[in-house]
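The structure appears right after this line, and notes come after that.
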Amino acid sequence: MWRRLRSALRWLRGSPAALLLGGGGRLPAAMERAVVRCVPSEAKLSLQFVLPDGSARHMQRDQAEPLGRALARIATNAAKGHGKAAKKSKKARAEGGPAGEAAAEAPAVRLFSRDGEAVAEEVPNAAAWQDGAVLQIGEARYRVERNPPALTELQLPRSLLAGFPVCPKVSAEFAAPQHCLFRWYRERRPGADGEAAAGEDGPGWVEAAAAERVFTPSNALVGLRLKLRCTPGDGAQRYGPPREVESSGPVEAGPGACTFDSRHLYTRKVCGEGSIRAVSYNILADTYAQTEFSRTVLYPYCAPYALELDYRQNLLKKELAGYSADLICLQEVDKSVFVDSLAPALDAFGLEGLFKIKEKQHEGLATFYRRDKFSLLSQHDIAFSEALLSDPLHKDLCDKLAKYPLVKEKVLQRSSVLQVSVLQSATDPSRKICVANTHLYWHPKGGNIRLIQIAVALSHIKHVACDLYPSIPVIFCGDFNSTPSSGTYSFINTGGISEDHEDWVSSGEEERCNMPLSHPFKLLSACGEPAYTNYVGGFHGCLDYIFIDKNALEVEQVIPLPSHEEVTTHQALPSVSHPSDHIALICDLKWK
């Protein structure tokens with residue numbers, strides 16, 4: 001805490017520590033700093049500077065207040081500081097020490113614009129305190145830095161594994177993580193590293209890596225803690241005060257070979273222009289993995305530590321980063337995992353994330369897209385139950401469902417959602433794409449519920465991809481909880497389902513509902529029909545799909561799934577070498 005305060009104070013005073021900032025030292029050495037934070041959405045601005053007597057001042061002033069009042073307050077503060085110094089001087093004189101000046105007159109305080117003109121005292125604070133202005137307090141001069149880059153959060157993951165990327169969570173104001181400077185250090189090994197030397201940071205740390213945002217510790221660092229120093233930057237050669245964070249524990253040994261290692265051989269590079277690598281993956285929410293039922297009934301074969309969130313996140317981040325994907329659709333994403341882990345990690349690999357939480361749940365859907373390939377045009381997320389009741393788009397279906405009150409009630413009780421994002425190609429603005437992501441009702445006897453949910457989904461996607469953005473292609477990913485023999489899969493694949501399909505009676509005669517359904521799309525399962533995408537102790541089957549618009553897109557390659565031997569090395573999934581009970585689907589698509 002005190003180290004951070006001292007660091008900020010040195011930065012305010014323009015000390016040689018600014019050399020670390022790689023640009024923070026561009027101000028004249030003789031000029032102190034006055035740091036102004038002024039945000040339009042807030043009523044007050046803040047002003048920080050260090051008086052000539054060495055005391056730091058942090059003031060809050062109304063943005064609409066005339067500058068003259070703020071300057072008068074600064075003068076009063078400066079006089080108080082001088083008065084305190086005089087008292088100390090008097091005490092020192094009484095004790096036989098050197099005497100100083102006893103006067104405490106308020107110094108002249110003025111603000112000059114960047115071009116040297118005095119700023120009129122009636123100008124509002126918000127307009128007066130501009131970047132590059134000069135504040136003069138008596139003989140002291142301060143260069144105004146308005147909204148300089150600042151870190152608001154810097155965190156390291158709790159679990160660090162050798163061979164797995166460490167992705168810090170970096171939140172900043174007036175800065176962006178991609179413009180920040182990073183330095184990684186490792187703990188000095190007791191008795192092995194000798195005395196501190198060049199490239200070392202204090203008595204206990206040795207520089208460990210090049211200045212990269214993501215650091216992958218080697219096996220040589222097992223047993224040692226890590227430290228990160230981050231200096232915020234805004235991309236315009238402005239840098240703020242650095243902050244440091246140390247890992248809470250040491251680097252631990254990794255699990256060795258993982259199920260996704262061989263898949264990464266196919267995905268080392270990002271697809272070329274005109275191609276899209278898509279991933280769909282149910283990553284197993286922590287809210288389900290950490291229950292007693294999961295540990296003892298669902299996954300009794302999985303080592304308890306391998307079900308812990310921190311461990312699984314290490315595997316998951318390495319797996320997803322290694323796919324070099326352009327689109328990633330995830331299901332069962334805990335909100336905290338998205339915010340604190342996946343979004344910061346994948347951001348470091350060039351992916352922007354969107355999140356849609358399920359109703360009354362702690363988990364939901366996440367869609368990531370590669371920033372240098374796509375920009376987000378619009379989002380059209382829905383909750384199935386709410387859309388069915390309130391959107392006129394689904395009135396016909398809702399009217400049909402009214403004849404089956406038991407089924408309707410079950411549909412409305414479900415928390416399932418649909419995430420729909422419209423993306424535009426960064427290189428060819430005429431190319432737009434509708435990316436949909438969902439996780440349908442899970443119950444083995446819920447085929448009729450899933451048919452209703454998918455009907456709502458496809459009607460909504462039609463509205464987006466045909467009405468709002470005429471004729472844009474669709475990529476529809478998700479955990480559909482439906483095998484290739486199910487009514488849901490058949491409906492998506494063929495464009496229709498008859499009223500006498502057996503899935504309408506999946507929950508028994510009392511919950512029978514019979515209705516023909518259709519949709520206009522020509523959809524194809526890009527990864528075909530694998531033997532399984534979900535493999536647990538009591539079940540294995542194909543439940544996950546990437547459906548594509550076959551009129552506009554074609555499959556370039558499907559990344560092979562792990563071999564049966566890899567999947568069953570530890571009996572089933574999840575395991576110490578695989579973070580979920582599902583397997584990611586990955587394919588490279590090409591515009592026709």
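The values are calculated or read from the model by the stated rules, or taken from the named source; none is laboratory data. For clarity, every value in this text was computed on a predicted model and none was experimentally measured. Heads up, the Cβs are rebuilt from the backbone with ideal geometry, glycines too, and the neighbour counts pull from every protein chain shown. Just the protein is used for accessible areas: all its heavy atoms, side chains included, with ligands, DNA and RNA removed. Shrake-Rupley method; radii C 1.70, N 1.55, O 1.52, S 1.80 Å.
What percentage of the solvent-accessible surface of the chain, computed with a 1.4 Å probe over protein heavy atoms, is contributed by carbon and sulfur atoms? Don't skip to the answer; put the middle values down first.
Values: 13500 of 26200 Å².
Carbon and sulfur atoms account for 52 percent of the accessible area of the chain.
Based on the alpha-carbon gyration tensor of segment 260-591 and its eigenvalue square roots a ≥ b ≥ c, which shape applies: rounded if a/c is under 1.5, prolate if not and a/b is larger than b/c, or oblate? Each step should come with its number before you reach the end.
Values: a/c = 1.62, a/b = 1.14, b/c = 1.41.
Oblate, since a/c reaches 1.5 and b/c is not below a/b.
Phi angles of segment 251-259 translate, via the Karplus equation with coefficients 6.51, -1.76, 1.60 and θ = phi - 60°, into HN-Hα couplings of 5, 10, 5, x, x, x, 5, 10, 4 Hz per residue; Gly and Pro are given as x. Going by alpha carbons, how many degrees (0 to 90, nearest 10) lie between the helix axis of 309-322 and the longest principal axis of the chain? Tilt of helix 309-322: around 80 degrees.
Each Cα pair under 8 Å and six or more residues apart adds its separation to the average, and for segment 212-295 the resulting relative contact order is 22 percent. For the set VAL411, VAL270, solvent exposure ranked by accessible area (probe 1.4 Å, protein chains only) runs largest to smallest as VAL270, VAL411. Taking amide hydrogens as placed 1.01 Å from N in the peptide plane, the amide H of ALA34 sits under 5 Å from those of ARG143, VAL144, GLU145, each at least 5 positions away in sequence or on another chain. Protein heavy-atom accessible surface, 1.4 Å probe, per residue over segment 204-322: 41 Å².
Pairing the Cα long axis of helix 67-94 with the longest principal axis of the chain, what angle in degrees results, from 0 to 90 and rounded to the nearest 10? Compared with the principal axis, the helix lies near 60 degrees.
Mind ranking ARG295, ARG57 by accessible surface for me, highest first, 1.4 Å probe? It would help to have the intermediate numbers written out before the result.
Numbers: ARG295 85, ARG57 50 Å².
These residues rank, largest area first, as ARG295, ARG57.
Counting heavy atoms of the protein chains alone, HIS582 has an accessible area of about 10 Å² for a 1.4 Å probe.
The C-alpha atoms of the chain define a longest principal axis, and helix 447-462 lies at about 60 degrees to it. Across the protein chains, with a 1.4 Å probe defining accessible surface, the residues PHE293, PHE174 rank PHE293, PHE174 from largest area downward.
Taking θ as phi - 60° and the Karplus parameters 6.51, -1.76 and 1.60, the scalar couplings of segment 399-406 work out to 5, 5, 5, 4, 6, 10, x, 5 Hz in sequence order, x denoting glycine and proline.
Note down the relative contact order for the chain as a percent, whole number, built from C-alpha pairs under 8 angstrom at least six residues apart.
Numbers: 1261 pairs, mean separation 64.2, N = 592.
With pairs under 8 Å counted, the relative contact order is 11 percent.
By DSSP, the beta bridges lying fully in segment 433-562 are antiparallel in about 70 percent of cases.
Relative contact order of segment 451-586: 24 percent, from C-alpha pairs under 8 Å at least 6 residues apart in sequence. Solvent exposure of ASP399, expressed as accessible area, is near 80 Å², computed with a probe of 1.4 Å over the protein chains only. In this structure the amide hydrogen of GLN557, modeled in the peptide plane, comes within under 5 Å of the amide hydrogens of ASP588, none closer than 5 places in sequence on its chain.
Counting only GluC sites (Glu not before Pro) that DSSP places in a loop and that have at most 12 other Cβ atoms within 10 Å, the longest clean stretch of the chain runs over 274-498. Backbone amide hydrogens, once placed in the peptide plane, bring TYR239 within less than 5 Å of GLY24, excluding anything fewer than 5 places away on its chain.
Under the rule of -39500 (n - 2.57) per DSSP H run of 4 or more residues, summed and divided by the residues of the chain, what mean residue ellipticity at 222 nm is obtained, to the nearest 500 deg cm²/dmol? Numbers along the way, then the final one.
On the way: 14 runs with 126 residues, N = 592.
My calculation for the chain gives -6000 deg cm²/dmol from helical runs alone.
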